[in-house]
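What follows is calculated from the coordinates using simple rules that are stated; it is not laboratory data. All figures in this text were calculated on a predicted structure; none of them were measured in a lab. Note that we place each Cβ from the backbone using ideal geometry, even for glycine, and neighbour counts take in every protein chain shown.
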Amino acid sequence: MQNSARPGIINRLTLFILVAMAAGIALGFALNKSYIADEISALEKIEFSQQQVQPSDSLQQASIKETLATRSKELRQSIDKKLEPFSILSDIFLRLIKMIIAPLVFTTLVVGVAKLGDISAVGRIGGKTLMWFIGASLLSLLLGMILVNLFKPGTMMQLPLPDNTIDTGIQSTGLSLKGFLYHIFPSSAVEAMAKNEILQIVVFSLFFGVGTASLGDQGKIIIQFMDAAAHVILKVTSYVMSLAPVAVFGAMTAVVAKQGIGILKTYSLFIGEFYLSLIVLWVVLGALCFMIIGKRVLKLLQAVREPIILAFSTSSSEAAFPKTMAQLQAFGCKDKIVSFVLPLGYSFNLDGSMMYMTFASLFIAQSYGIELSIGTQVSMLLVLMLTSKGIAGVPRASLVVIAGTLATFNIPEVGLALLLGIDPLLDMGRSATNVVGNSIATAVVSKWENELDEIPGGANPAH
């Protein structure tokens, strides 16, 4: 379903998102300096006082720590309440996106698998997809390890270490084969869809699609129904996407108002080096993609610029999923490849999150003056590679994996407190990078399968 007006619509929506982002940043700084200035100032004083309290077993010291912690919690709750009208804007948008994802993945993947025809084709494409995912994940982890050792932000910044009694609120998750397999295979397709467990939805859709294809003429009825349902869902997506600028405005206002410019000054070195590392990852992934699809890699990045901006501004690669799917099809990737590779990528190919895991873990070790040998760091990389695959869909998944890894290598888990304040700012970059990585993966697999149209727009973007 071609639409000659599509480029104009995309450019206009992108412009609106950028304007909303700029307006949100400006309003956020203004609110930080006026509306919640008293709470921010009081919170900074309390945090300074917490750093001055010397470790002690005395009841007096324990009482002081408890009082400061309680007051800090009250102030954060007050700030959250004042900024709630802005955060609600982005929360509603993200809820609407999540409402769409499960039926969109199910319908498009069933149609895509049914069009492939047999289980051997599914296995062939699945093998190529996982090969790229594993390679890209290892590359992201390795780059993070190399660059954090090169920059040494933990050593250079010399941040005051958090008190060992601080509760980060992050529960570590250990490596469990049982837990990993249970996360992959659903006990109920309905439950998987209700919880937006994308990997479980993919597994059910694969079985359903292969079964549909085996029915012959009877299966065609199901395929036609699913295809029509996918069109309806994508139409709903277009309605929801019209709210994106409002959501971006709310998200940026809330984040900037909470963080202010003070935390940017304190953590400017870490933030700058991490974003530089993400740029290096983009270049490396782009170079690999260039070797396979040629100069069209630049057009690919241009095609998905809107999902990238959306993921960055909302700190959610999930929010960009429907638009990424549509744009990849418009770029020339066949719908059956897009609907197969992209959902898998959201569980197995989060390149930005992968880089952050090694970067953050080693940063915390550096902050504590813990020297890790190259062999130990490689072991950490492999542990992160495995544990990260089993917790897709878990809130603050990257921090959960990092917490478990720190415990495994005897690095204080409380070190996560060093990153909690800036995590929303870092999440923006890694979410955008996740979209880039999955878009490149989809284009590469499409090329390997000779399913990448040479003329952009040759694919049907409405599927």
ask   = Pairs Lys33/Lys82; Lys33/Lys65; Lys235/Lys447; Lys33/Lys73: which are spaced more than 24 Å apart, C-alpha to C-alpha?
value = Lys33/Lys65; Lys235/Lys447
inquiry  = Using only the alpha-carbon atoms, how far is helix 198-214 inclined from the longest principal axis of the chain? Give it as 0 to 90 degrees, nearest 10.
reply    = 10 degrees
ask   = Can you give the angle from 0 to 90° between the axis of helix 244-259 and the longest principal axis of the chain, with both taken from C-alpha atoms, to the nearest 10?
value = 20 degrees
message = Spelling out what I want: for every residue of the range 327-343, take phi, set θ = phi - 60°, compute 6.51 cos²θ - 1.76 cosθ + 1.60 (Karplus), and round to whole Hz; glycine and proline get x.
response = 5, 5, 5, 5, 5, x, 6, 5, 4, 5, 7, 4, 5, 8, 6, 4, x
query = Can you sort Leu142, Leu83, Leu300 so the residue with the fewest Cβ neighbours within 10 Å comes first?
reply = Leu142, Leu83, Leu300
Expected 222 nm ellipticity per residue - DSSP helices of 4 or more, -39500 (n - 2.57), all of the chain, to 500 = -25500 deg cm²/dmol
request  = Pull up the cross-link candidates among the aspartates and glutamates for Lys334, meaning alpha carbon to alpha carbon under 18 Å and not fewer than 8 places away within one chain.
outcome  = Asp118, Asp227, Glu449, Glu451, Asp453, Glu454
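If you average the sequence gap of Cα pairs under 8 Å that are 6 or more apart and divide by the length of the chain, what percent do you get for the contact order?
On the way: 644 pairs, mean separation 139.5, N = 463.
Value for the chain: 30 percent.
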ask   = Between the range 108-159 and the range 211-285, what is the C-alpha centre distance in whole Å?
value = 17 Å
query = Does the range 96-139 come out rounded, prolate or oblate by the C-alpha gyration tensor, with a ≥ b ≥ c the root eigenvalues, rounded set by a/c under 1.5 and, if not, prolate when a/b is larger than b/c and oblate if not?
reply = oblate
key: Cα pair distances exceeding 41 angstrom across the chain, given as percent   = 19 percent
